[in-house]
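Heads up: the structure comes next, in structure tokens.
The values are calculated or read from the model by the stated rules, or taken from the named source; none is laboratory data. Bear in mind the structure is a predicted one, so any value in this text is a computation, not a measurement. As a convention, Cβ positions derive from the backbone with ideal geometry for all residues, glycine included, and neighbour counts pool all protein chains shown. For the accessible areas, the whole protein counts, side chains as well, though only heavy atoms, and no ligand, DNA or RNA atoms are used. Shrake-Rupley method; radii C 1.70, N 1.55, O 1.52, S 1.80 Å.
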Amino acid sequence: MNYNMVVIVSGIICAIISYLLSYYLIMLILEESSAFFKMGQLVLAVALMTTLYAPIKYLLIKYMNIDEFESENKND
């Protein structure tokens, strides 16, 4: 698995986790019928994605033993 695939996989994992967390955290604060429910969920999901993306990508790179610079040099 190369570096580009790790970036895609970490983005998908991060999106799923942030969607689920934002849904249930906003559900605690607002009712689902509230007008601000979707807006609050979106803001929280974006905040969670920016927070969780780097650690998830780091863990995947460390677990898969991928060298970022090595995979870039293979394409040249």
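Being assigned to a helix (DSSP H, G or I) and either at pLDDT 95 or above or in contact with a helix residue (DSSP H, G or I) (Cβ under 8 Å, 6 or more places away or on another chain) (or both) is the requirement here; does L21 meet it?
Against the criterion (assigned to a helix (DSSP H, G or I) and either at pLDDT 95 or above or in contact with a helix residue (DSSP H, G or I) (Cβ under 8 Å, 6 or more places away or on another chain) (or both)), L21 qualifies.
Residue pairs, Cβ under 6 Å, 6 or more apart or interchain, first in the range 1-28 and in contact (Cβ under 8 Å) with a residue 24 or more places away in the chain and closer than 25 Å to M64 by Cβ, second among the basic types (K, R) and loosely packed, with under 12 Cβ neighbours inside 10 Å. List them.
Within 6 Å, no pair qualifies.
So, of the residues in the range 29-73 that are closer than 16 Å to V6 by Cα and open to solvent by 100 Å² or more (accessible area, probe 1.4 Å), which turns out to be modelled with the lowest pLDDT?
Among those that are closer than 16 Å to V6 by Cα and open to solvent by 100 Å² or more (accessible area, probe 1.4 Å), it is F69.
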